[in-house]
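Peer 1: Below are the structure tokens for one structure; questions will follow.
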Amino acid sequence: MAEHDMKTFGSIAANPYSWPFDGVWSAQDTALLLLGFQNGMIAELSATAELEAAASLLDAAKSAGIAVVVARRGVDGAQDPLAARRRLLGDRVPDRHSPEWQISDRLALPEDTILVDLGGDNAFIRTGLEDELLRRGVRNLIVAGLPTEGMVHATQRAANDMGFECIAVADACKGTSDPRHTAQLRITTFGNGLFGAVAATADILAALKTSQE
């Protein structure tokens, strides 16, 4: 077994409970989900600070040997039915292979990154992501992304239904408005963590430094 796989980490003082719920997480059973950090969305939301937070999480995950998942949203041209509906609702989904669709160069992705492409908000729909995570033995998900009320919430809500233990990183997510961001994170914590827990980047990084062999 690789050295990284034997590392366990300290609990995170998250809202509304100490994460994960059983106090046990490791490099082997955890993945970092980076959702929608694409050039177009970053520019549209002015999400430079959130991108920097995501980059810090990514660097820490790589050092710890934690699996990295990147979700990239796009459609095949303006005639795509999903694109037509989204654009009527004011949601501009980028065309695949356009500059706006590309993942930001600020994220130095490892070669073994799990990359999923989707047209909607839920990174688990028709992507094979659930099967891949289960195959790897992953049960804990650290979630960061854009926008909070779109890809982040849809993916985390689905993950919760699949039995994954999720934590959203508040300052590594951004909504289409501050009230929407705040409201969505509040929904996440309803009912003692209906869809998981919420913490800050600093909390995640601190926990990763408390590894035990």
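Peer 1: What are the residues in the range 187-213 that are in contact with a strand residue (DSSP E or B) (Cβ under 6 Å, 6 or more places away or on another chain) and in a loop (DSSP other than H, G, I, E, B), if any?
Peer 2: G196, A200
Peer 1: Name the one entry in D105, D161, D121, D95 that is touching a residue at least 12 places away in the same chain (Cβ under 8 Å) and either surrounded by fewer than 17 Cβ atoms within 10 Å (Cβ to Cβ) or more than 16 Å from the chain's Cα centre (by Cα) (or both).
Peer 2: Just a single option satisfies the conditions, and that option is D95.
Peer 1: Specify the residue that is nearest to A158 (Cα to Cα); the eligible residues are those in the range 184-208 that are small (G, A, S) and surrounded by 15 or more Cβ atoms within 10 Å (Cβ to Cβ).
Peer 2: Restricting to residues being small (G, A, S) and surrounded by 15 or more Cβ atoms within 10 Å (Cβ to Cβ), the top hit is G196.
Peer 1: A follow-up question, please. Within the range 172-179, is even one residue in contact (Cβ under 8 Å) with a residue 24 or more places away in the chain, touching a Leu at 6+ places or on another chain (Cβ under 9 Å) and assigned to a strand (DSSP E or B)?
Peer 2: There is at least one residue in the range 172-179 that is in contact (Cβ under 8 Å) with a residue 24 or more places away in the chain, touching a Leu at 6+ places or on another chain (Cβ under 9 Å) and assigned to a strand (DSSP E or B).
None of the figures in this text is laboratory data; all of them are computed from the coordinates on show. Because the structure is a prediction, the values reported are computed rather than measured. Here Cβ is always computed from backbone atoms with ideal geometry, including for glycine, and neighbour counts include all displayed protein chains.
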